[in-house]
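Some notes on the structure that comes next.
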Amino acid sequence: MNPPGKLEKGLAIVLLLLSTGAFLNLFLKHGKFAFRQNAGLPFMQVIWSGLYLFVLFFLIKEARGFWRLLLRGWPFLLLLAICLLSIGWSDDKGLTARRSVALAATTLTGFYFAVRYSFKEQLRLLVTLAKICAVLSLVFGAFHLGTAVDSQTGRMYGLFLEPNGLLSFMFDVLPVQQLFEQWSAPWYGIFTQRNSLGMMMALSTVVLLLWSRLEPEHKWSAYPWAGLSFLLLFLSGSLTGFLSLFAVLAVGWLLRYMRTNRHSTRRILVASVVAAAIGLYFIASHFAAVAAFLDRDVTLTGRTTIWGASLILGMDHPWIGHGFNAFWLGDEGSSGEVRKLAGWDVPSAHNGYLEIWLDLGICGLAAFFLGFARHFWKAAECFRREGLWEGAWPLLFLIFLFFVNLAQSSLLSPNYVLWILYVAISCRVCLLTGRRSEGVRT
């Protein structure tokens, strides 16, 4: 089939942009949506329906590749089957049915990107997406457009700007503190909360830096865009975004070192595992001090309270959960109890893996990790066979996805960019490794 044309690529970028949750902050009043959150915006439902028809059209035209992909993407089909079956025991059957259908359409979108775009072409689309999000977020932040879901105020940069902060040495030389104090409130850009901006800008920084390696002639144009993305990440004050970016950059450096020193691969891996274990032990032993250094309290901005309450209230259905997207029903049921304990209107578990367990129980969580482990292994195999940076992209994204979801519920979500990318990258990896295996057998 012919490669994607300009119109198809344009529609793909629009789809990815909307899947980030962009512009929903224009429909917030006093931190709450001006529509029923479980029902959604009617005109957005029409737009999504049109975009999914566009996806279906190209999947039908790529029928042979699509069916081959379905066989190799069985972990996603297993997870979708559990979501659909959960309608039977859901606390809100209608909501679970709608969200399961939306998740199926979102998963098909991931299949579409896997079939139609190579890793390099996927990155090219993401570079364009990163630039659009960065520019619009800068405009929204500078002119205070939109409204955030939360009402967090105050300085978000204690880690950097306090007398003992990482950048405090600059204040003796550069008069920059007053500039940052003017922007003391966290930025959220074109999104509904600062963590969404932080997550997208962290991912954008990774994509742009990776693009500078894939296309060396474009590196001097990629670096300023990566710098703008990092600035917006800084202005968001999202610690999750910072730590996820740091983890990906560290792994990227490690992969590069392993690729150029193949004879030392095992020693490098052992040393990395030992260093990570020592780091985790130190953090666990000095958790309060580490949290204070990162300008957070021991509850991680209330997350530990949410996690504890969710674990307790989720134990009434530990194996099968409450039904896909049916645990958080506002002040009703178990989610209402969590809100009472937390003292505010908690919208999610703030942990992607806990979210899956609450919705689909141990069965759903096991199905997810089965697929994730399989795709991670195949991504490592792809890295060994492909070029350095293009082959590293699947591994880097999976690591980013893993770390982001330790403190955010950004995983099994309908109409959401991270799920689309996870499906697209994982299925593309399965296609590449499958073709090479078939070539070896023949």
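The values are calculated or read from the model by the stated rules, or taken from the named source; none is laboratory data. Owing to the predicted nature of the structure, the values given are computational and were not obtained by experimental measurement. Positions of Cβ are generated from backbone atoms using ideal geometry, with glycine treated the same way; all protein chains shown enter the neighbour counts.
What residue, of LEU214, LEU243, LEU255, is modelled with pLDDT under 95 and out of contact with any helix residue (DSSP H, G or I) (no Cβ under 6 Å at 6 or more places or on another chain)?
LEU243
Just name the residue that is farthest from THR96 (Cα to Cα) out of those in segment 333-346 that are in a loop (DSSP other than H, G, I, E, B) and either of a type outside the set (Val, Ile, Thr) or in contact with a Ser or Thr (Cβ under 6 Å, 6 or more places away or on another chain) (or both).
GLY343
Rundown of residues vs (1) surrounded by 12 or more Cβ atoms within 10 Å (Cβ to Cβ); (2) within 30 Å of ASP331 (Cβ to Cβ); (3) modelled with pLDDT under 70; (4) β-branched (Val, Ile, Thr), yes/no style:
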{"residue": "GLY10", "(1), (2), (3), (4)": "yes, no, no, no"}
{"residue": "LEU16", "(1), (2), (3), (4)": "yes, no, no, no"}
{"residue": "ASN25", "(1), (2), (3), (4)": "yes, yes, no, no"}
{"residue": "PHE35", "(1), (2), (3), (4)": "yes, yes, yes, no"}
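Do you know which residues across segment 311-332 are part of a helix (DSSP H, G or I), out of contact with any Phe, Trp or Tyr (no Cβ under 8 Å at 6 or more places or on another chain) and surrounded by 14 or more Cβ atoms within 10 Å (Cβ to Cβ)?
LEU311, LEU313
May I ask you to list the residues in segment 347-391 that are part of a loop (DSSP other than H, G, I, E, B) and free of Cβ contacts under 8 Å to residues at least 24 places away in the same chain?
Matches in segment 347-391: GLY387 only.
For ALA148, only one of the following conditions fails: (1) in a helix (DSSP H, G or I); (2) closer than 30 Å to ASP345 by Cα. What is its number?
(1)
Which residue pairs have Cβ atoms closer than 7 Å, lie 6 or more positions apart in sequence or on different chains, and pair a first residue in segment 304-315 that is under 19 Å from GLY330 (Cβ atoms) with a second residue that is among the hydroxyl-bearing types (Ser, Thr, Tyr) and assigned to a helix (DSSP H, G or I)?
LEU313/SER334
Give the residues of segment 230-239 that are within 15 Å of ASN195 (Cβ to Cβ) and at pLDDT 95 or above, sorted by residue number.
Matches in segment 230-239: LEU232, LEU233.
List every residue pair whose Cβ atoms sit under 7 Å apart, with the two residues 6 or more apart in sequence or on different chains, where the first one lies in segment 47-63 and is surrounded by 11 or more Cβ atoms within 10 Å (Cβ to Cβ) and the second, anywhere, is outside any helix (DSSP H, G or I).
Once the first residue is surrounded by 11 or more Cβ atoms within 10 Å (Cβ to Cβ) and sits in segment 47-63, its partners that are outside any helix (DSSP H, G or I) give TRP48/ASN415; LYS61/MET1; GLU62/MET1.
Just one of VAL417, VAL429, VAL404 is free of Cβ contacts under 8 Å to residues at least 60 places away in the same chain, surrounded by 18 or more Cβ atoms within 10 Å (Cβ to Cβ) and of a type outside the set (Gly, Ala, Ser); which is it?
VAL429
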